[in-house]
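Heads up: the structure comes next, in structure tokens.
Each value in this text was obtained by applying a stated rule to the coordinates, not by laboratory testing. Nothing here was measured: the structure is a model prediction, and the numbers come from that model. Positions of Cβ are generated from backbone atoms using ideal geometry, with glycine treated the same way; all protein chains shown enter the neighbour counts.
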Amino acid sequence: MLSVTPEKTYMGRLPYGVDLQEELNRICRVNKIKLGRVEAIGAVKKARLGYYDQSDRSYRFVEREQRLEILNLTGNVSIKDGEPFVHAHLTLGDHAGLAFGGHLMPGTIVFACEVIVQKYGGKPLERGFDEQTGLPLWSDSALSSS
Ligand code: ZN
């Protein structure tokens, strides 16, 4: 496993109407956060989540044109295709308090969102294609270094 050192914590509110995935990536790019963790709560105007079908090795999408609460968003920051990339999963709640969730995909639009991003120092983890799963995972070499 990689040993990381907390460097700085960012806290703030996302603008109304932005794409949640794109805005999280942008915040990390602008603040040069290449390694870290993300958490958020708030609400979205609509949601687009992914579910990875392990046999098909492809994402299926859950799309909801619905106002929903972000009960929890948890994610990490690493490098994908040379840029900081946020991999986040979220749990959403509807008007009846029922929850569902998945992998955050572009197309999830913010109504209000409070975010905390923790920046870690150390050699950034890089995502590369993993043959076994078909996913862009962290490379083995990064995990085996101390
Ligand atoms: Zn995921």
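Using a simple spin-label model with pseudo-atoms 7 Å out from Cα toward Cβ, residue 29 and residue 114 lie 2.8 nm apart.
Extension gain for residue 71-residue 5 works out to 21.0 nm (0.36 nm per residue, less the C-alpha to C-alpha distance). Classify the stretch 1-59 as rounded, prolate or oblate from the Cα gyration tensor: take a ≥ b ≥ c as the square roots of its eigenvalues, call it rounded if a/c is under 1.5, otherwise prolate when a/b beats b/c and oblate if not. Oblate. Which residues does a label at residue 45 reach in the stretch 52-90, if reach means a backbone N under 14 Å from a point 7 Å past the Cα toward the Cβ? Backbone N within reach: 65-68.
Using C-alpha pairs below 8 Å separated by at least 6 residues, the relative contact order for the chain is 36 percent. With 5 Å bins beginning at zero, the pair-distance distribution over Cα atoms of the chain amounts to 2, 10, 18, 21, 18, 15, 10, 4, 1, 0 %. With respect to the chain, whose longest principal axis is taken over its alpha-carbon atoms, helix 20-30 is tilted by about 40°.
Placing unit charges on the Cβ atoms only, positive for Lys and Arg and negative for Asp and Glu, gives the stretch 46-123 a dipole magnitude near 180 debye about its Cα centre. Toward the positive end of the charge dipole of the chain, with +1 on the Cβ of Lys and Arg and -1 on the Cβ of Asp and Glu, the farthest Cα among 116, 105, 86 is that of 116. The charge dipole of the chain, taken about its Cα centre with unit charges on the Cβ atoms of Lys, Arg (+1), Asp and Glu (-1) only, comes to about 440 debye. List the pairs from 8/46; 80/119; 46/80 whose alpha-carbon separation is above 28 Å, in the order I gave them. Violating the 28 Å Cα-Cα cut-off are 8/46.
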